[in-house]
Amino acid sequence: MKQIVCATVLVESSPQALPLGAACIASSLKQDSFIFQKASVSLEDFSLEQKEFSSLSHEEIASLIAEKIFSGREVFVLALSVYVWNRKILESLIKKTRLLSPQTLFIAGGPEITANPFSFTAADFCVAGEGELALPLLVKNLLQNKTDFSIPGVYDTKNNAEKNEGSLSINRATAPDLEKLSSPWLDGTLSPKKYGGVLWELARGCPFKCSYCYESRGEKKVRRFPLERVKKELEFFAKEKVPQVFVLDPTYNANKKEALSMLRLIKQITPETFYYFEARAEFIDKEMAEAFSKINCSLQFGLQSAHPEVLKLVNRSLDRKTFSRNINLLNQTGVVFGFDLIYGLPGDTFAGFKESIDFALSLYPNNLELFCLSVLPGTDLYERASTLGLTYQTLPPYHVTRTLTMNESDLEKARTLSFAVNVFYTQGRAVPWFNSLLHLIHQSPSAFLSDFESFLKKQKVSFEDACAIPFEEITKLQLDFIQEKLSAKYKRYLSLVKDVLLLNAALSQALAQGKESLVSLTYHPDDLTSEYASDFVFFANNARPYKNRTKVFIGKNGIDFRLVK
């Protein structure tokens, strides 16, 4: 029996980054009765975070992957899901594997291929668009030694190699009927236990036209998976006791009736599971906020910029007053949420980027994710880049390197400031006390975090990966910086701010990792966790010091603390 392998390289090891695209293709191949009789289909995935890949070049990683895939078996077809982060590795993988297994046929798909299938000449065939219909047809032809590859969305790279990339219009594969697709979760292609959670696809297509997104050229009509499949998947998640689910639906709450119905199902079938949603702030109202508050979840909003005139250039809009009002509904109902911001957008400036940070952090997000603009091939932004005055990398990750309003120096300043924001606010879990501290010292978020950036440079902290810094080390950096910041004018508040920081750090450690902590405090923990502690001036003027040691732990009813004698 011939071997067909669907493979990809993931950017990280997490349920948010599991190989859903490759798994959907593997499921569609297994679902085809002819292929099922003639071939064995398997899924192989690798992560750039694997220890064995540490410090290796793309070519070395490709060699290791080739050895793992081809060790002890002959592969007839290797189907690869190609993304920005793995393109170079997979191109190298194909070149190396042709020497190991000259009889293997290589098929490439995914966003990088859909953008321009003619640019990926390493593969024998490329499939643009959704591949669940096109790829099984192609594989059946290959199994039968047929030479007719006139299938929508399929490109024979050898026969099309002479074409001029710049003048091509890309024909995508015929979109499948979602009601007829098998679920990679239900057919056993993917296992939640392997990834520690689930990436759950509820819909395809997007009604919006954000210029920097692949979907700007994709399907504008939203197609939803049938309710019967969704219910079965939820029941499967409940049976497997899945701890977390990342919902793959960029416009989850655009249809209020469907969104509310789904939240009720989630609450009913998987009440213990934590869900992550991408949502649109303009569709949040009181009823929606209350519905989200009744399940374990976090929402992420693509704010991107606080400036409507900047967003207009990338086909987005923003009413700051409406955005703030709707986000405050989430604060009132206790829903956890975060924002995304992009630096390097056309028309934006470094000063404007800092203003966006100020606006975002004023709304108390749980996290703030900051990204450099990528000019992705196949997007509307890519087509308009020269008109907009964007200079960018021609190879992945396609980061913008200069705009009409931000030069190389501005972009580097935005990058290092983003690192400081990530370390202090997001990785440092500062949301419970951050705005209280800024109110005390009368400083804007961006100014405070710029000072923290300078502090990190003095401490010789590497500005590469905030996630690589242990939480305990971040807490120490926060304490040292705050002591430096308050040592003169605000010295009388230092012990209070330290208490709030240390107690909240211990509580977050207990929540995130179940870790027990013992902290030495100047004030009683009951006072520090009261609403009065949000106003540092009022608290310092009215609360009595009560030196103690407090134990923070997970009790029968959740996170708890008690004084230790």
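The values are calculated or read from the model by the stated rules, or taken from the named source; none is laboratory data. These figures come from a predicted structure and were not determined experimentally. So basically every Cβ, Gly included, is an ideal-geometry build from the backbone, and we count neighbours across all protein chains shown. The accessibility values were calculated without ligands, DNA or RNA, using every heavy atom of the protein model including side chains. Shrake-Rupley method; radii C 1.70, N 1.55, O 1.52, S 1.80 Å.
Once the other residues with Cβ under 15 Å from the Cβ of residue 403 are scored (Lys, Arg +1; Asp, Glu -1), what is the net sum?
Numbers: positive: 384, 402, 413, 415; negative: 309, 348, 408, 410, 412.
Value of the local net charge: -1.
In Å², what does the accessible area per residue of the range 113-209 work out to with a 1.4 Å probe?
Numbers: 4380 Å² over 97 residues.
Value for the range 113-209: 45 Å² per residue.
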Leaving ligands, DNA and RNA out of it, report the carbon-plus-sulfur percent of the accessible area of the range 450-565 at a 1.4 Å probe.
50
Treating only the Cβ atoms of Lys and Arg (+1) and Asp and Glu (-1) as charged, compute the dipole magnitude of the range 222-321 about its Cα centre; round to the nearest 20 debye.
160
Along the charge dipole of the chain, pointing to its positive end and built from +1/-1 on Cβ of Lys, Arg, Asp and Glu, which listed residue (170, 288, 126) has its Cα farthest out?
288
Please work out the Cα center distance from the range 35-85 to the range 545-565, rounded to the nearest Å.
49
Relative contact order, percent, of the range 173-300 when contacts are C-alpha pairs under 8 Å separated by at least 6 residues?
23
Anything in the chain that counts as a DSSP H helix reaching 24 Å or more along its axis (C-alpha) with Kyte-Doolittle mean of at least 0.5? List them, would you?
494-513
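Below 8 Å, C-alpha to C-alpha, sequence gap of six or more: please give me the relative contact order for the chain in percent. Mind showing how you got there, number by number?
On the way: 984 pairs, mean separation 46.8, N = 565.
Reported as a whole number, the value is 8 percent.
Out of the total accessible area of the range 1-100 (probe 1.4 Å, heavy atoms of protein only), what percent is carbon and sulfur?
Values: 2220 of 4500 Å².
Reported share for carbon and sulfur atoms: 49 percent.
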Can you list residues whose amide H is under 5 Å from residue 44's amide H, if they're 5+ apart or on another chain and H is modeled 1.01 Å from N?
6, 7, 8
Given charges at Cβ of Lys, Arg, Asp, Glu: the chain dipole, positive-most of 55, 116, 266
266
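About the Cα centre of the range 1-112, what is the dipole size in debye to 20, counting +1 per Lys and Arg Cβ and -1 per Asp and Glu Cβ, all else neutral? Mind dumping the intermediate values first?
Details: 11 positive and 12 negative charges, 75 e Å.
Rounded to the nearest 20 debye, it is 360 debye.
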Taking the Cα centre as origin and putting +1 on Lys and Arg beta-carbons and -1 on Asp and Glu beta-carbons, what dipole magnitude results for the range 67-117, to the nearest 20 debye?
120
Residue 35: net charge of surrounding residues, Cβ under 15 Å, Lys/Arg +1, Asp/Glu -1, itself excluded?
+2
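Lys and Arg at +1, Asp and Glu at -1: add these up for the other residues within a Cβ distance under 13 Å of residue 422 and post the number.
Working: positive: 415, 429; negative: 340, 369, 453, 464, 465.
Combined, the nearby Lys, Arg, Asp and Glu give -3.
Keeping every protein chain present and rolling a 1.4 Å probe, give me the accessible area per residue for the range 344-464 in Å².
Details: 4850 Å² over 121 residues.
Accessible area per residue, the range 344-464: 40 Å².
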Charge dipole (the chain, unit charges on Cβ, about Cα centre) - positive-most of 237, 536, 4:
536
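Can you give me the accessible area per residue for the range 472-565, using a 1.4 Å probe, in Å²?
Details: 5570 Å² over 94 residues.
Heavy-atom SASA per residue in the range 472-565 reads 59 Å².
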So, in Å, what gap is there between the alpha-carbon centers of the range 298-334 and the range 434-460?
24
Could you look at the range 208-296 and say what percent of its accessible area is carbon and sulfur, using a 1.4 Å probe and all protein chains?
51
